[in-house]
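Participant: Take a look at the following structure, please.
Every number in this text was worked out from the coordinates using simple rules, so none of it is lab data. Since the model is a prediction, treat every value here as computed from it, not as a measurement. Every residue, glycine as well, gets a Cβ built from its backbone with ideal geometry; the counts of neighbours run over all protein chains shown.
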Amino acid sequence: MTVLEAALPSVRGRLTAQAPLAPLVWFKAGGAAQWLFEPKDVDDLAGFLRDLDPAIPVMALGLGSNLIVRDGGVPGVIVRLGKAFAKVEAVDETALYCGGGASGILVSSTARDAGIGGLEFLRSIPGTVGGFVRMNGGAYGRETCDILVDCEAVLRSGERVSLTRDQLGYTYRHSALPEGAVVVGATFRGHRADPAAIQAEMDRIASAREESQPLRSKTGGSTFKNPEGHKAWQLVDEAGCRGLKIGDAQVSEKHTNFLLNLGSASSADIEALGEEVRRRVKEKSGVTLEWEIQRIGVDK
């Protein structure tokens with residue numbers, strides 16, 4: 001038994017050593033988590049974090065659609081919320097309570113069935129409620145901060161807290177959620193609407209996304225944040241990066257703000273390609289692109 005194993009609290013959920021993360025992220029590349037924890041319920045998660053050595057880093061993983069896991073893996077504990085955290089239910093005529101592990105598609109579909117409009121944009125974001133809350137996820141002119149009432153989170157200390165939208169200090173693709181905190185639920189509020197109209201808007205969004213994005217590829221979603229007054233894809237295109245490759249990593253020819261794993265790209269290839277794109281854009285336009293995709297772990 002290693003020193004770390006001896007220090008880990010007992011759990012009722014599942015704790016896996018050296019768990020491969022590549023199968024859990026959209027890029028299908030990268031190393032292993034030192035530990036992957038799939039808690040049975042909120043109490044299991046809170047107790048584990050409370051009793052875990054504070055020096056051990058903790059990070060939540062959703063659908064892995066906006067993530068580069070470096071090839072050397074991720075030290076510490078990755079928390080992944082399973083079915084117990086994926087429930088979505090109406091709390092009144094215009095609001096839904098959503099578990100932190102619920103997908104955007106499940107949330108928007110449940111909202112449609114309940115006649116709650118304004119949440120259709122979540123249909124287009126390949127992530128979970130926890131990720132939306134942390135990153136102020138958005139698409140098609142709407143963001144999480146437009147619909148969030150409050151969220152429930154378990155802090156790195158194991159303390160359970162409720163945080164309002166204002167307390168989360170939202171800006172573009174950023175929140176003030178504390179490091180190591182895990183969002184276990186959130187309440188979203190929309191407005192009364194006809195389910196048929198909601199479905200029509202969801203269909204419109206799905207169709208626009210299918211038309212413009214490389215959805216059937218190993219990708220990571222939008223790579224760079226849109227700089228003030230610019231579209232990231234346009235700056236990348238104007239810098240001559242459409243189709244640019246490093247190893248098996250490529251800038252999508254369909255949508256230049258997407259990077260692709262054509263088959264056997266390493267995470268180092270994908271990240272290096274992103275950095276080369278940033279360099280070329282800076283050289284061409286003077287604009288410094290910021291990563292929207294999270295990069296975690298250590299190099300091999």
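Participant: Lysines near Lys254 by alpha-carbon distance under 16 Å, same-chain residues fewer than 8 away left out - which ones?
Facilitator: Leaving aside lysines fewer than 8 places away in the same chain, those within reach of Lys254 are Lys218, Lys231, Lys245.
Participant: Placing unit charges on C-beta atoms (Lys and Arg positive, Asp and Glu negative, everything else neutral), compute the dipole magnitude of segment 1-158 about its Cα centre in debye, rounded to 20. All intermediate terms of the calculation are to be shown ahead of the outcome.
Facilitator: On the way: 14 positive and 17 negative charges, 106 e Å.
Charge dipole of segment 1-158: 500 debye, to the nearest 20.
Participant: Moving to a separate point now. Which of the lysines could be linked to Lys40 by a straight reach, that is with a Cα gap under 24 Å, when you skip same-chain ones fewer than 8 residues away?
Facilitator: Lys83, Lys87
Participant: I've got another one for you. Roughly how many debye, to the nearest 20, is the charge dipole of the chain about its Cα centre, given +1 on each Lys and Arg Cβ, -1 on each Asp and Glu Cβ, and no other charges? Write out the running numbers ahead of the final one.
Facilitator: Values: 35 positive and 38 negative charges, 110 e Å.
Here the chain has a charge dipole of around 520 debye.
Participant: Something else now. What does the highest-first list of 84-97, 214-227 look like by mean Cβ count within 10 Å?
Facilitator: Details: 84-97: 16.6, 214-227: 18.9.
My ranking of the peptides, most packed first, is 214-227, 84-97.
Participant: Can you tell me what share of the DSSP beta bridges in segment 15-135 is antiparallel? A percent to the nearest 5 is fine. Working shown, then result.
Facilitator: On the way: 9 of 17 bridges.
Antiparallel bridges: around 55 percent, rounded to the nearest 5.
Participant: How high is the relative contact order of the chain, given as a whole-number percent (alpha carbon pairs under 8 Å, six or more residues apart)? Present the calculation step by step, with values, prior to reporting the outcome.
Facilitator: Values: 691 pairs, mean separation 56.8, N = 300.
Relative CO of the chain lands at 19 percent.
Participant: In addition: Just to verify a number: FRET efficiency for Ala197 and Asp92, C-beta to C-beta distance, R0 = 22 Å, to 0.05? Walk me through the numbers on the way to the answer.
Facilitator: Numbers: r = 20 Å, r/R0 = 0.91.
E between Ala197 and Asp92, to the nearest 0.05, is 0.65.
Participant: Stretched out fully, how many nm does the piece from Ser207 to Thr16 gain, at 0.36 nm a residue minus the Cα gap?
Facilitator: Working: separation 191, 0.36 × 191 = 68.76 nm, distance 3.87 nm.
Extra length available between Ser207 and Thr16 comes to 64.9 nm.
Participant: Once fully extended, how much extra length lies between Ile105 and Asp166, figured as 0.36 nm per residue of separation less the alpha-carbon to alpha-carbon distance? Mind showing how you got there, number by number?
Facilitator: On the way: separation 61, 0.36 × 61 = 21.96 nm, distance 2.55 nm.
Working it through step by step, the gained length comes to 19.4 nm.
Participant: How long is the gain from Glu228 to Ser264 if the chain were fully straight, where each residue apart is worth 0.36 nm and the alpha carbon distance is subtracted? Can you show the working numbers first?
Facilitator: Values: separation 36, 0.36 × 36 = 12.96 nm, distance 3.46 nm.
Between Glu228 and Ser264, full extension yields an extra 9.5 nm.
Participant: Further, regarding this structure: Order 123-129, 142-148, 230-236 from most to least packed using the mean count of other Cβ atoms within 10 Å. Please report the intermediate quantities before stating the final value.
Facilitator: Numbers: 123-129: 25.9, 142-148: 20.9, 230-236: 19.1.
Taking the mean over residues of other Cβ atoms within 10 Å, the ranking is 123-129, 142-148, 230-236.
Participant: Calculate the length of the line joining the C-alpha centroid of segment 226-300 to that of segment 1-60, in whole Å.
Facilitator: Taking the Cα centre of each part, segment 226-300 and segment 1-60 sit 30 Å apart.
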